[in-house]
1. Of all residues in the range 217-274, how many are in a loop (DSSP other than H, G, I, E, B), farther than 19 Å from Gly190 by Cβ and open to solvent by less than 10 Å² (accessible area, probe 1.4 Å)?
2. For the range 364-374, enumerate the residues that are in contact (Cβ under 8 Å) with a residue 24 or more places away in the chain, under 14 Å from Ser289 (Cα atoms) and part of a loop (DSSP other than H, G, I, E, B).
3. Conditions: (1) at pLDDT below 95; (2) open to solvent by 40 Å² or more (accessible area, probe 1.4 Å); (3) not in a strand (DSSP E or B). Thr404 meets all but one. Number of the miss?
4. Is it true that some residue in the range 14-32 is modelled with pLDDT of 95 or more and closer than 16 Å to Val349 by Cα?
5. Confirm whether Asp130 is in contact with a Cys (Cβ under 9 Å, 6 or more places away or on another chain), at pLDDT 95 or above and of a type outside the set (Val, Ile, Thr).
6. Hey, could you check the range 154-166 for residues that are touching a strand residue (DSSP E or B) at 6+ places or on another chain (Cβ under 8 Å) and either modelled with pLDDT of 95 or more or open to solvent by 20 Å² or more (accessible area, probe 1.4 Å) (or both) and say which is farthest from Ala197 (Cα to Cα)?
7. Go through (1) surrounded by 18 or more Cβ atoms within 10 Å (Cβ to Cβ); (2) closer than 24 Å to Thr395 by Cα; (3) not small (Gly, Ala, Ser) for Gln169 and report which single condition fails.
8. Anything in the range 49-97 that is out of contact with any Asp or Glu (no Cβ under 7 Å at 6 or more places or on another chain) and among the polar types (S, T, N, Q)? List them, or say none.
Amino acid sequence: MKKALVGLTAVALLAGCGSGAAKGETAADGVKQGNGVTDSEIRVALLNDFSGPIAALGNAAAVGAEVYFDTVNAAGGICGRKVVAVREDTKYDPKVTVQAYRAVSDDVVAITQLLGAASINAIKADIARDNVMTLPATQTGSMMTLEDIFLFLPPYQIENINGIVWAAQNVPASGAKLKLGVVNPADAYGEEFHAAARYAVASLPNVELVASVTYTNTDEDFTAQVNKLRNAGAEAVFLNTTPKQTAGLVGQAAQFGYEPTWIGQGGTWAASLAKPLGGLTERYRVVNSVAALGEDTPGVKKLEEALAKYAADETPDNMMVTGWVTGAVTGAALEKACANKDLTPEGVVAAMENLEVDLEGVGPKLNMGDGQSPVSRESRVNRIDPKTGGLTPITDWAASQPATTWSLGK
């Protein structure tokens, strides 16, 4: 279990905390209450980009969680209390994220979504200090090392590895080896992804890593990156991008007549890209760790029913599935904390240890373990519907051999 901070001051213990009772106060039902918890409500935060460069992802993920809580509340809530999701816009900007966190930190018991690695780094010390359970809306593996931040899906590194292994088996090569290119952010997380690609390629005698290019969040012109990939002869390109860079890279490459097989981890794609990219989606594959809308599983059907009932005006997007998972994990943690009679931030953190979550086919069953190991190593490869942007799986859930042996730092 990730070590919980102790030694809170007497002032913090006795101060009133937003809409919740004072920390340590016990409600009539015997449940210890804290920030964001009253006899009638449990408040959780969605700290997402709602108006910035990846707002398409942030909004869709938030909707997925919100309709999950709508469904729970319609069935009586959790611990006899209504779950209220509080949105705060981070604009995908670390400085704005700090302000967004300060706006809600005294008024929520947990953070159901915190979008973006840079935003997480901006407030990770605050999260540890306040001992608040946080689900990162990113799958960057190093999140597993952070205090009170719980990676709830396989790390992006595992999606990288499984995707590269798929390419080795399915993308035609012009020579003895498939020429692979990778695109990563120009930061420490990009180094993590590049290390994962090297780890995968080291076990694949028929793949050669010929080009590694980087980008920044402010890049608008991708000519240099595309030219480097094309000049290296990359026949398959793995993307660790946001939808903004995905559109720029794939569109720019098409203008140059460069048409590799594009493969991206789950966060690279948003359904809103289908219209601008059109037929270019035929050469794009998405590796993700959750089911797709439209699949015949109990969990996906519940999500679709909830979307139809509570968010009928929203355009379907597979990030809603990921959002539903964050709702399910948060809900399971709150239920366990309630059973433990401790709905304080510390109580919710404690509830995460070895928490089991049955996603009913939305993804593999999860066991949160100690918070420092992958909850799963399986993922799937999907094709894209060029009309709707929806995903259709072309593989079963599977963990490639190198994915089963990968660990952080390899």
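1. Residues in the range 217-274 being in a loop (DSSP other than H, G, I, E, B), farther than 19 Å from Gly190 by Cβ and open to solvent by less than 10 Å² (accessible area, probe 1.4 Å): 2 in total.
2. Within the range 364-374, Pro364, Pro374 meet the criteria.
3. All conditions are met except number (1).
4. yes
5. Spelling it out, it is not the case that Asp130 is in contact with a Cys (Cβ under 9 Å, 6 or more places away or on another chain), at pLDDT 95 or above and of a type outside the set (Val, Ile, Thr).
6. That would be Trp166.
7. Looking at each condition in turn, Gln169 falls short on (1).
8. Hits for the range 49-97 are Asn59, Thr71, Asn73, Thr97.
The values are calculated or read from the model by the stated rules, or taken from the named source; none is laboratory data. Note that the coordinates shown come from a computational prediction; the quantities given were computed from them, not determined experimentally. Note that each Cβ is placed from the backbone with ideal geometry, even for glycine, and that neighbours are counted across all protein chains shown. All accessible areas refer to the heavy atoms of the entire protein, side chains included, with ligands and DNA or RNA removed. Shrake-Rupley method; radii C 1.70, N 1.55, O 1.52, S 1.80 Å.
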